[in-house]
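Encoded as structure tokens, the structure appears first; notes follow it.
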Amino acid sequence: MLSIEEIKLLKEKLLKLKGTDWEKFLGEQIQILTDIELAVDANNKDTINRLDKTPEWFEKDLEQKRQQPVVSEELYRTIQRKIFQFAKTNLYNSLEIGPGNGDFSKEFRTWRKNYFLDILVGLEHKIRRRFKPPAQKHLTFYTTRKHECFNIPQNSCNMVFSWDTFVFFTQNHIQHYLHDIKRVLIPGGYCFIQYADCHFDFDLSMAKRGYWNYNTKTAMEKIIKEEGYEVVEMNQFMPGANYAIFRKPGKQNPFVYKISELRLD
């Protein structure tokens with residue numbers, strides 16, 4: 001039986017064929033799939049319940065990851081090297097969304113000030129212990145109800161990072177987040193964010209079992225552009241480790257990111 005994720009993926013593939021001699025046929029099939037998609041979304045209680053995960057869900061997920069990390073040492077080093085490519089100036093601040101246990105948080109100590117934003121309260125002490133005493137005054141923590149970044153000063157950051165967080169968000173949630181992030185970024189500031197790409201079997205399987213939310217590279221690129229960002233790079237380190245790097249237009253940022261191939265085989 002087709003899952004809602006497979007229906008959406010099939011619909012996306014059929015949309016690419018529009019404009020050919022099969023346009024009328026494809027239009028009819030796409031409409032059928034759209035009707036099925038809406039019906040499943042409206043009536044499948046499990047689907048509805050998993051779309052927006054609760055703080056309690058994230059707390060349990062975080063506890064499981066304390067016991068069994070999902071990022072291997074090799075993948076961690078690859079992501080770390082990518083972060084270091086942005087660490088060329090200390091004139092501005094960084095923002096990490098969904099730091100969780102703080103696995104990557106210490107990698108932003110080059111920045112002048114580090115902001116951390118999470119839906120969970122009580123994470124601050126876990127992240128602070130990863131920094132030495134002199135750095136403590138440069139750390140600021142905020143909680144958000146969903147995607148709000150209003151506590152973080154406007155035009156204060158030249159780097160926004162998030163890993164193992166946006167894969168759990170709906171496309172609508174992601175779009176709202178990217179909209180709010182624009183206020184925080186300086187002109188020319190960058191985002192480096194992991195997302196789910198269900199064009200790949202690993203990501204699709206995670207969405208089908210309700211752990212991740214459905215997304216694709218096509219949809220993610222569309223959201224990024226609709227929010228006025230410039231797409232810089234969309235790639236993957238390995239299956240399940242897809243990322244997007246994009247920037248807010250402008251020239252205030254003294255650092256210009258250059259694409260380099262960092263991939264795990």
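Normalised by the number of residues in segment 123-208, the average gap of Cα pairs under 8 Å and 6 or more apart makes the relative contact order 31 percent.
Fewest-first ordering of M238, M206 by other beta carbons within 10 Å of each residue's beta carbon gives M238, M206. Partner aspartates and glutamates whose Cα lies under 16 Å from the Cα of K258, excluding those fewer than 8 positions away in the same chain, are identified as E230, E233. Taking each of K65/K248; K16/K146; K8/K222; K106/K137; K53/K208; K16/K248 in turn, the alpha-carbon distance tops 23 angstrom for K65/K248; K16/K146; K16/K248. The string of couplings for segment 97-113 from the Karplus curve (6.51, -1.76, 1.60, θ = phi - 60°) is 9, x, x, x, 7, x, 4, 9, 4, 5, 6, 9, 5, 5, 6, 5, 9 Hz, one whole number per residue in order, with x for Gly and Pro. Restricting the trypsin sites (Lys or Arg not before Pro) of segment 151-226 to loop positions (DSSP other than H, G, I, E, B) with no more than 11 neighbouring Cβ atoms within 10 Å leaves R209. Mean residue ellipticity, 222 nm, helices only, the chain: the sum of -39500 (n - 2.57) across DSSP H runs of n ≥ 4, divided by residue count and rounded to 500, is -12000 deg cm²/dmol. I need the shape label for segment 52-247. Rule: rounded when a/c is under 1.5, else prolate if a/b > b/c, else oblate, with a, b, c from the alpha carbon gyration tensor. The shape class here is rounded.
Specify whether the C-alpha gyration tensor of segment 69-134 places it in the rounded, prolate or oblate class, a ≥ b ≥ c being the square roots of the eigenvalues: rounded for a/c under 1.5, otherwise prolate if a/b is larger than b/c and oblate if not. Oblate, since a/c reaches 1.5 and b/c is not below a/b. When each of the peptides 108-117, 133-142 is scored by the mean number of other C-beta atoms lying within 10 Å of its residues, the order from highest to lowest reads 108-117, 133-142. Look at K65, K82, K13 and count the other Cβ atoms within 10 Å of each Cβ; fewest to most, that gives K13, K65, K82. Kindly provide the chymotrypsin sites (Phe, Trp or Tyr not before Pro) of segment 209-257 that DSSP labels as loop, not H, G, I, E or B, and whose Cβ sees at most 15 other Cβ atoms within 10 Å. Counting only loop positions with at most 15 other Cβ atoms within 10 Å, the chymotrypsin sites (Phe, Trp or Tyr not before Pro) in segment 209-257 are Y211. First check a/c for segment 154-251, with a ≥ b ≥ c the square roots of the eigenvalues of its C-alpha gyration tensor; if it is under 1.5, answer rounded, and if not, answer prolate when a/b is larger than b/c or oblate otherwise. Verdict is prolate for segment 154-251. Structural descriptor for segment 172-265: relative contact order 35 percent, calculated from alpha carbon pairs under 8 angstrom and at least 6 residues apart. Computed from backbone phi, the HN-Hα couplings of segment 198-205 come to 6, 5, 9, 4, 4, 5, 4, 5 Hz, rounded to whole numbers (Karplus: 6.51 cos²θ - 1.76 cosθ + 1.60, θ = phi - 60°; Gly and Pro given as x).
Sequence-distant contacts, meaning Cα pairs under 8 Å at least 6 residues apart, place the relative contact order of the chain at 17 percent.
Where a number appears in this text, it was derived from the coordinates with a stated rule and is not lab data. Everything numeric here is computed off the predicted structure, so don't read it as measured data. Note: ideal-geometry Cβ built from the backbone for every residue, glycine included; neighbour counts use all protein chains shown.
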